[in-house]
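The values are calculated or read from the model by the stated rules, or taken from the named source; none is laboratory data. As the structure is a computational prediction, the values presented were derived from the model and not from experiment. Because the Cβ atoms are built from the backbone with ideal geometry, glycine has one as well, and the counts that use them run over all protein chains shown. Areas reflect the complete protein model, heavy atoms only, side chains present, ligands, DNA and RNA absent. Shrake-Rupley method; radii C 1.70, N 1.55, O 1.52, S 1.80 Å.
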2 protein chains.
Amino acid sequence: MRKGEATRARIIAEAARQAALRGLTGVSLADVADAVGLSKSGLFKHFESKEDMHIAVVESVMDRFGEAVWKPAEARAPGRARLEVVFERWLHWGETEWADSGCPIMALSVELDDQPGPLRDLLHKRLQGWRKTVVREFRALRDPPLSEAEAQAGYFQMKSFILGHSDARRMMGDADAQRSAAAAFDALLDRTARMAA
Amino acid sequence: MRKGEATRARIIAEAARQAALRGLTGVSLADVADAVGLSKSGLFKHFESKEDMHIAVVESVMDRFGEAVWKPAEARAPGRARLEVVFERWLHWGETEWADSGCPIMALSVELDDQPGPLRDLLHKRLQGWRKTVVREFRALRDPPLSEAEAQAGYFQMKSFILGHSDARRMMGDADAQRSAAAAFDALLDRTARMAA
DNA sequence: TGACAAAGTGACCGATCGTGCTCTTTTTAC
DNA sequence: GTAAAAAGAGCACGATCGGTCACTTTGTCA
């Protein structure tokens with residue numbers, strides 16, 4: 001059963017790669033099987049259906065996101081230091097780790113936001129968890145802590161700049177996208193931390 | 001030939017509607033034909049191929065965007081008044097006119113940003129034109145005019161808030177998304193207009 | 001080492017995909 | 001009003017889709 005787990009992981013990774021490019025619906029099982037050196041029917045020893053694979057892809061991508069973005073930040077002090085690492089890693093996640101396709105979470109969000117069902121529910125739940133984590137860091141930006149509303153406003157703008165960076169970089173071909181995003185985020189941290197209690 | 005143009009327009013509108021939901025690749029000609037009350041082969045009297053229809057969809061969506069967002073703003077004075085209308089109409093475009101599916105331009109951007117070809121080139125060109133238009137308005141925010149770099153930073157953040165609003169509203173179910181976006185944009189206009197020359 | 005389960009193959013199914021063909025109906029222009 | 005042209009229907013095509021089944025190979029554990 002050890003062998004099977006490794007193969008399953010390879011399938012999920014390849015499916016995630018292709019989903020970031022063509023969308024979950026656009027991924028054909030034949031292409032995934034080919035890419036990992038398996039027959040199409042071999043895939044079905046690891047997943048009951050295509051939707052079952054979709055769920056595994058979403059879980060896997062969100063897990064990898066946590067590893068790549070949150071884990072390096074966790075070592076830093078709460079508040080600004082941590083938020084700076086999160087932002088930098090978040091940009092890096094989309095720009096480097098998924099350079100060919102763009103951030104798969106954004107692709108999944110746009111694809112699933114109007115497709116009710118367990119897949120959307122799963123993504124929603126994982127994204128809400130992430131949002132709560134970041135909002136908590138925003139509260140710690142100031143002493144006394146920011147209000148919940150103030151922290152949520154910070155998260156809204158932070159995520160906006162992440163999305164804006166991806167759009168500018170990938171669709172508009174803006175070579176300065178990273179600088180623009182970093183500058184906007186720095187200014188956001190400055191004025192948020194300085195807000196009167 | 002009048003009749004044909006009307007039918008063609010109906011096909012494009014329906015294809016755009018479905019593309020906003022499932023992506024351009026996910027739109028099947030049979031579904032579009034059904035929805036407009038045509039046979040599948042009847043579609044091919046109006047388009048040479050599916051990709052030909054894709055091009056028409058992109059052109060049409062961008063034209064409609066201009067009508068819905070830029071045209072109402074054009075009547076206002078350049079600078080802040082115009083930018084405020086643009087932002088308000090831009091939010092409204094995604095939230096109301098495409099309530100079921102989300103803004104088709106965002107869906108197209110995410111789908112096409114990693115798919116080189118004439119379709120991506122077309123969308124890129126149209127979006128660059130729009131960007132130039134908005135940047136020009138940002139320059140007029142202050143007297144003396146903002147520098148090109150300052151105005152571009154303004155556009156980057158404005159578009160970020162639009163994207164953030166869509167994500168918050170559609171994927172995260174945030175009922176306050178519009179307020180968050182409007183507040184962030186207002187503050188952006190304030191501090192941009194106040195910047196020292 | 002032998003037995004049993006897990007992993008993987010190949011052929012095949014019905015459905016649907018985009019598209020070409022021929023033919024009929026409708027619209028347009030003189 | 002009539003003829004040419006445009007619009008559309010119906011059918012069939014090869015390819016590909018997700019998925020099943022019977023079978024063989026490989027890995028694991030006692």
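Gyration tensor over the Cα atoms of segment B:107-190: the corresponding equivalent ellipsoid has semi-axes (square roots of 5 times the eigenvalues, largest first) of 24, 22, 7 Å. For segment B:42-81, the Kirkwood radius over C-alpha pairs fed into Stokes-Einstein at 37 °C and 0.692 mPa s yields D = 268 µm² per second.
Per-residue Karplus couplings for segment A:105-119, computed as 6.51 cos²θ - 1.76 cosθ + 1.60 with θ equal to phi - 60°, are listed in order as 5, 5, 4, 5, 4, 5, 6, 9, 5, 10, 10, x, x, x, 5 Hz, Gly and Pro entered as x. By the gyration tensor of its Cα atoms, with a ≥ b ≥ c the square roots of the eigenvalues, what is the shape of segment A:123-172: rounded for a/c under 1.5, prolate for a/b over b/c, or oblate? Oblate. Using only Cα atoms, find the angle between the long axis of helix B:177-193 and the longest principal axis of chain B, and express it within 0 to 90 degrees, rounded to the nearest 10. The angle comes out near 50 degrees. Approximating the spin labels as points 7 Å out from Cα along Cα→Cβ, the A:Q115-to-A:D100 distance works out to 2.1 nm.
Under the combined filter of DSSP loop state and at most 12 neighbouring Cβ atoms within 10 Å, segment B:19-66 retains these trypsin sites (Lys or Arg not before Pro): B:K45. Below 8 Å between Cα atoms, with a sequence gap of 6+, how large is the relative contact order for chain A in percent? In percent, rounded to a whole number, it is 18. For segment A:1-147, the solvent-accessible area of protein heavy atoms averages 49 Å² per residue (probe radius 1.4 Å; ligands and nucleic acids excluded).
Directionally averaged projected area (segment A:48-193, Cα convex hull): 9.3 nm². Could you point to the residue in A:L188, A:F138, A:M172 farthest towards the positive end of chain A's charge dipole, with +1 and -1 charges on the Cβ of Lys/Arg and Asp/Glu respectively? Towards the positive end, the residue furthest out is A:F138. The long axis of helix B:80-92 is offset from the longest Cα principal axis of chain B by roughly 40 degrees.
Along its first, second and third principal axes, ordered by size, the protein assembly as shown spans 66, 61, 34 Å in Cα coordinates. Note on B:H92 and A:D186: the model spin-label points, each 7 Å out from Cα along the C-beta direction, lie 3.8 nm apart. May I ask which of A:K50/B:K40; A:K3/A:K159; A:K40/B:K50; A:K45/B:K50; A:K50/B:K50 have a Cα-Cα span longer than 31 Å here? The pairs that break the limit, which is 31 Å between Cα atoms, are A:K3/A:K159; A:K45/B:K50. Across the copies of the chain, A:E88 has label points (7 Å from Cα along Cα→Cβ) spaced 4.2 nm apart, shortest distance listed first. Between A:D176 and B:E67, the modelled label-to-label distance comes to 3.5 nm, taking each label 7 Å out from Cα in the direction of the beta carbon.
For B:A140 and B:E59, a Förster radius of 41 Å and the Cβ-Cβ distance give a FRET efficiency of 0.90, rounded to the nearest 0.05. Accessible area buried by the pairing of A and B, both sides summed with a 1.4 Å probe, works out to roughly 2900 Å². Placing a label point 7 Å from the Cα of B:E59 along the Cα-to-Cβ direction, the distances to the matching points in the other copies come to 4.8 nm, shortest first.
For segment B:25-64, the percent of C-alpha pairs falling in each 10 Å distance bin, counted from 0 to the bin holding the largest distance, reads 29, 57, 14.
Relative to its residue count, segment A:1-121 spans a Cα convex hull of 122 Å³ per residue. Shown for A:A99: label points 7 Å from Cα along the beta-carbon vector, and their distances to the equivalent points in the other copies, 4.5 nm in ascending order.
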